[in-house]
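This structure is in structure tokens; I'll ask about it shortly.
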Amino acid sequence: MPVGIITGASKGLGRALAGALARRGWDLVLDARTPRPLREAAADLGGYGTRVRALPGDVTDGAHRAALVAAARELGGVDLLVNNASALGAEPLVRLAALDLDGFRRALEVNVVAALGLVQEALPLLRESPAGAVVDVSSDAAVEAYGTWGGYGASKAALDHLSAVLAEEEPGLRVWAVDPGDMDTGLYAAAVPGDDGPRPDPASVVPAFLRLLDERPAGGRYTAPALLEAAR
């Protein structure tokens, strides 16, 4: 069975994607900072008959990243790495003039440095897989100038560029940066509290990620709405 590592998998997009992969028979290693919801997610996914390892921890911790890859190795390797864990830098979001620099550093550490660290840790196993792939979850804030989204957007723009360079340096892998679009997530609620406008459920964009895995297009930056539209 293929093996995937998904960070930020206790809720939102990470959990929805984990569920879709489990239904396809993937074995999974899941990460999140909060133990209880992560273990609940793992228990639910185990009902599909796949092997699921839930490792609570912080992706900025090198020992935790090593443990995630070690768990995947025990399951058979790493065929897919999904860097989904994210930090906003400020909750709620603020203008750049008021952005606490320690908060900005945290966003960079989680969204960029830890993502690269996990890629480096998993790379030997990804290279061994005949279908090795990396998915870096991006944002439209990486390419659009939205007020108050500057710190988070800058971190995601950096992640986009790392993805592009990794795709160039590792032609045997597929490396995709994916902007999932607007979603109803806890991250958004923390970013803009009180904005109760209707937003798509994260599960609605999962087919876009599955399309990448099925069709394996060239590495690059993709948006879930465009992938879903093209599939119609």
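Any read-out appearing in this document is the output of simple, stated calculations on the displayed coordinates, not a laboratory observation. Model, not experiment: these values are computed from the prediction. So basically every Cβ, Gly included, is an ideal-geometry build from the backbone, and we count neighbours across all protein chains shown.
Could you tell me how many of the residues in the range 74-93 are under 17 Å from Ser139 (Cα atoms) and among the hydrophobic types (A, V, I, L, M, F, W, C)?
Summing the residues that are under 17 Å from Ser139 (Cα atoms) and among the hydrophobic types (A, V, I, L, M, F, W, C) in the range 74-93 gives 6.
Suppose we filter the range 1-21 for residues that are surrounded by fewer than 24 Cβ atoms within 10 Å (Cβ to Cβ), within 19 Å of Leu75 (Cα to Cα) and aliphatic (A, V, I, L, M); how many remain?
Adding up the residues that qualify gives 2.
Between Gly25, Gly57, Gly49, which is out of contact with any Ser or Thr (no Cβ under 9 Å at 6 or more places or on another chain) and either over 27 Å from Val112 (Cα atoms) or exposed (fewer than 15 other Cβ atoms within 10 Å of the Cβ) (or both)?
Working: Gly25 fails: out of contact with any Ser or Thr (no Cβ under 9 Å at 6 or more places or on another chain); Gly57 fails: either over 27 Å from Val112 (Cα atoms) or exposed (fewer than 15 other Cβ atoms within 10 Å of the Cβ) (or both).
None of the other options fit; the residue is Gly49.
Just the residues that are buried (at least 20 other Cβ atoms within 10 Å of the Cβ) and either in contact with a Ser or Thr (Cβ under 6 Å, 6 or more places away or on another chain) or within 15 Å of Ala9 (Cα to Cα) (or both), please, taken from the range 73-95.
Step one: filter the range 73-95 for residues buried (at least 20 other Cβ atoms within 10 Å of the Cβ), giving 75, 78-90, 93.
Hits for the range 73-95 are Asp79, Leu80, Leu81, Val82, Asn83, Asn84, Ala85, Ser86, Ala87, Leu93.
Hey, another quick one. Which residue pairs have Cβ atoms closer than 9 Å, lie 6 or more positions apart in sequence or on different chains, and pair a first residue in the range 144-157 that is within 17 Å of Trp176 (Cα to Cα) with a second residue that is aromatic (Phe, Trp, Tyr)?
These pairs meet every condition: Ser155/Phe104.
Pairs, please: C-beta under 7 Å, at least 6 apart or cross-chain, first residue among the basic types (Lys, Arg) and in the range 99-119, second buried (at least 17 other Cβ atoms within 10 Å of the Cβ)?
Pairs found: Arg106/Ala87; Arg106/Gly89.
Could you please let me know if Thr185 is among the hydroxyl-bearing types (Ser, Thr, Tyr) and farther than 16 Å from Asn84 by Cβ?
Values: among the hydroxyl-bearing types (Ser, Thr, Tyr): yes; farther than 16 Å from Asn84 by Cβ: no.
Here the answer is no, as Thr185 does not meet what is asked.
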